[in-house]
Structure formats: structure tokens, C-alpha cells
Amino acid sequence: MAYFPDIERIQFEGPTTKNDLAFRHYNPDEIVEGKKMKELLRFAVAYWHTFRGTGVDPFGAPTMQRPWEDGTDSVDNALRRVDVAFEFMEKLQAPFYCFHDRDIAPEGATLAESNAILDRIVEKLKAEQKRTGIKLLWGTANLFSNPRYMHGAATSCNADVYAFAAAQVKKAIEVTKELGGANYVFWGGREGYHNLYNTDMRRELDHLAKFLHLAHDHAKSIGFKGQFLIEPKPKEPTKHQYDFDSATCLNFIRQYGLEGICKLNVETNHATLAGHTMMHELQVASDADALGSIDANTGDLMLGWDTDQFPTDIYLTTQCMLVILAQGGLAPGGVNFDAKVRRESFEPVDLFHAHIGGMDAFARGLKIAAAIRKDGVLKDIVKHRYRSWDGGIGKKIEKGKASFADLEAYMLKKGNPDPNDSGRQELIENIINRYL
Ligand code: XUL
Ligand code: CO
């Protein structure tokens, strides 16, 4: 049976089409910088928002009309949702999806029961992946919804809760492996604090690092080859999330010997909440060879919470793709739409409009970034701006061949530095606009 009976497979029809249910820019097989768009972008649908989102918010009840939902959290409903999900993703031409264990399967009365239910759903997901060729970009465990995690999971003050979380992650890594997942994500749910009076921050961070090492040990022992990704976020649900931003996560990774084990999954709205641009967060991660994947969405500058809207801003997607192309793409990571339709957009077709918009916005960003890179305009500007480091005293400093005394002797002789150049910020902004 079809759950989206009125919707045909979404096709690329080009920028002039009048069809709302078509791609104007996302042309999966079009070659950009020597690769197919679909290989560079690796779009993924987020199971939680798209198939579990109800439209509930702190002020009101669910609004979403989802004819396939029977109002229960039953296994039957979970099995039916798999059909819904794969019909949706096939029609959208989405090559990947992502999930938390509890998005795809209801939790049972005990861990053993939960695991058994999960296995049933995973069996069906596996069959659907085989039938359609759609793949799992990443799996993760929900360590934040159940009340047991009120104090956190890997940073809980309750060692039993830590053990439960470990068991849950063990199983989640196993099912991610079973489904051929390319990555495994750790977003720090409730790993953080609300006040330091009752918190042993040092001990909690030690526990969190231990948790990641144990997860890695287990992944190795079962032969899971996927990339581990930590997802930075500065606040919400706790006042202070430990994985604050890219720089904080990189410091944690280095402090606890997790280099080579964990990269980052960088999310736009989390960057905004941290007071950074997404481009900043991506560049910090990429400079450390740790940009693994992205959660594509956007916040609202007027609102101080995680609105998880679909990305439509071409400046934003261009900036993302400039950093991503500079590091040669994201694989084995991808572009996961960790985004939800507004609660006023309650019809199933709105899910298509939302994803089509996001995919087109990224495809445009990709083409614009590739055009900027092809002309070499930014590269030339940067090269010129730093030219004093390519020879003379600059080169000596970079090579470690100049002491403070040498620099003093150099300046005493020279008298004054060469004059500065203009930064030409406005000109550069004008140039970027010419490509949009
Ligand atoms: C929460 C968030 C999560 C992670 C996965 O803000 O982004 O959905 O992406 O746990
Ligand atoms: Co996310």
C-alpha cells in the first residue's frame, strides 16, 4: 500500500520548472568537481523528525496528520513506519537515513525486551535497505528521553544509569553495524549540568571519555568500521552541554586520547546557539582533520532555542560547501537533515516540500561554491594577503629559524614594518554576491 499515494518520485526538472514537487538544482548524477552531486552531498533523512515528529511544542498538543499512525507506540506501528519511511525516501531520491534506536523501535519493559523489539525492526530495515539501495548514514542511541537519564547518561551521578547507557550504546553500535552504517553518532543528550554546586565536572568528563573509549573497544571487537562522530551543542537541554562547540570537543578529544577515534558531526543550529557561524564551526573542525559529517538545518536568529528548521539560505549552504569542498567532501559522512517541518505544516506533503527545499538549497550552495573555487578568486585573495610569509622574514619565522633576538635585530635594522594592505572586506563580499 502507498502512504503518499498522490506523490510521484521527485525528479530533477531544472530551475524553470513550475512543478513544486521537483528538484530545481539537485541533479543527483550531475558532475561537480569531478564527482556526482549525490556522492558529494550524501543526503540523509532524519528518522526522528520526519517519521516521529508530532508537532508538539511546550505550548501545545501534536498537530501532525499522519494517516499511518494508529496513536500507539506499538511494534506494529513501528513496522508500518518502516514502510512509510522507505516509500518517502525512495520518492525523494534520498540515498541515506539516520536514526536513534528509540525512533525506530519502542522501548520494552526491560533492556532484554527493548533489544528484542529493536532486532525485529532492524530485520525489516535491512530488508528495505536491500530492496531500495538506501543506506544508513549513521545510527545513534537515545540517551535523553527516558526519565532514567535525568542526570545524564555517560555523565550521570548514578553508576547504574551509566551501565544502562553503555548497554544501550553497545546494542545501538551492533545494529548500526548490522545495517552497514557508515558512522555512529554521539550527541551529548543530557551530558552537561544545570549548576556547579551539585556537579563534579572533572569526574563527569572522565566518565564520558571512558565511555567513548569503551564504545570504541566494543566497536573494534565486533569489527564495526564506521566513523565515530561527536556532535557539538552548547546548551539545551542542559544549561551547559559539555560538547559546547567544535573547539571544546576537539580539546576533549585531545585531552582524553580520542584522536583518530572521534571526528565531529557539526550542526548549523547548534553553531548558532554557541554564538558562532556554521562556517566557523566547520572550519575549526576541518582544520583539525575532524570534520566528519553535518546536521543540516537552521535556527532562527530571533529565537534562542533549537528550532531545527530546514535550511533554505543560499549564503549558508554556499559557506558550508566552500569548507566541505576544500576538504574534498564529507564521505563517509554526509548531509543529514536534522530538521523538522513547522507545526503549522501538518500535512504529509509538507515533508516533501521541506526536504526538496533543503536539497535544492545545498545543491545550489554546492554549485556556487564550486564556481567560486573554479575561478580561484578567494584563493588568490588569501594567497596575496599572506604573501609576506612566503619569503624573507615570514618564511624564516614559519620555519622556526628566527628567535625573538633575531626579530628584534631585523626590526632595529629595518626601522618600521612594511605598510599594511586594505582587507577589502566589502569588495570580497561584492565578489561573493556575483556568484549567487
Ligand atoms: C539534538 C540533535 C540530535 C542529534 C542526534 O539537538 O541534534 O538530534 O543529532 O542525537
Ligand atoms: Co543533530
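The numbers here are math on the coordinates, done by the rules we state, and not lab data. These numbers come from a predicted model, not from an experiment. FYI the Cβ positions are ideal-geometry reconstructions off the backbone, even for glycines, and counts take in every protein chain you see.
If I build a Gaussian network model for the chain, linking alpha-carbon pairs within less than 10 angstrom, which residue out of Phe43, Phe186, Phe12 has the largest mean-square fluctuation?
Phe12
With θ set to phi - 60°, apply the Karplus curve 6.51 cos²θ - 1.76 cosθ + 1.60 along segment 406-416 and write out the HN-Hα couplings as whole Hz, x wherever there is a Gly or Pro.
4, 5, 5, 4, 4, 6, 4, 6, 6, x, 9
Please work out the FRET efficiency for the pair Glu347 and Gln129, using the Cβ-Cβ distance as r and a Förster radius of 30 Å; give the result to the nearest 0.05.
0.65
Pick out, from Pro417, Val377, Ile393, the residue whose Cα sits farthest towards the positive end of the charge dipole of segment 373-420, with +1 on the Cβ of Lys and Arg and -1 on the Cβ of Asp and Glu.
Among Pro417, Val377, Ile393, the one farthest towards the positive end of the dipole of segment 373-420 is Val377.
Considering amide H positions built from the backbone, and no H for Pro or chain starts, which residues 5 or more places from Phe43, or on another chain, come under 5 Å of its amide H?
Val335
Can you pull out the chymotrypsin sites (Phe, Trp or Tyr not before Pro) in segment 305-356 whose DSSP state is coil and whose Cβ has at most 13 other Cβ atoms within 10 Å?
In loop regions of segment 305-356 (DSSP not H, G, I, E or B), the sparsely surrounded chymotrypsin sites (Phe, Trp or Tyr not before Pro) are Trp305.
Is there a quick way to get the dipole size of the chain? I mean about its Cα centre, with the Cβ of Lys and Arg at +1 and of Asp and Glu at -1; what is the value in debye to the nearest 20?
1380 debye
Using the beta-carbon distance between Ala109 and Thr16 and R0 = 45 Å, what value does 1/(1 + (r/R0)^6) give for FRET efficiency, to the nearest 0.05?
Here the calculated transfer efficiency is 0.20.
Below 8 Å, C-alpha to C-alpha, sequence gap of six or more: please give me the relative contact order for segment 256-395 in percent.
23 percent
Dipole size in debye (nearest 20) for segment 1-156 around its Cα centre, Lys and Arg Cβ +1, Asp and Glu Cβ -1?
Value, rounded to 20: 360 debye.
With +1 assigned to the C-beta of every Lys and Arg and -1 to the C-beta of every Asp and Glu, and no other charges, what is the dipole magnitude of segment 338-390 about the Cα centre in debye, to the nearest 20?
In debye, rounded to 20, segment 338-390 gives about 400.
Among the trypsin sites (Lys or Arg not before Pro) in segment 1-50, which ones are in a DSSP loop with at most 11 other Cβ atoms within 10 Å of the Cβ? Mind listing them?
Listed in order of number, the matching sites are Arg9, Lys18.
Sorting check: for 384-395, 262-273, which peptide has the highest mean count of neighbouring beta carbons within 10 Å, and how do the rest follow? Write down the numbers at each step before the final one.
On the way: 384-395: 12.2, 262-273: 26.2.
Put in order of decreasing packing, that is 262-273, 384-395.
Loop only by DSSP, 16 or fewer other Cβ within 10 Å of the Cβ. Give me the trypsin sites (Lys or Arg not before Pro) in segment 226-259 that pass, ordered by residue number.
Lys235, Lys239
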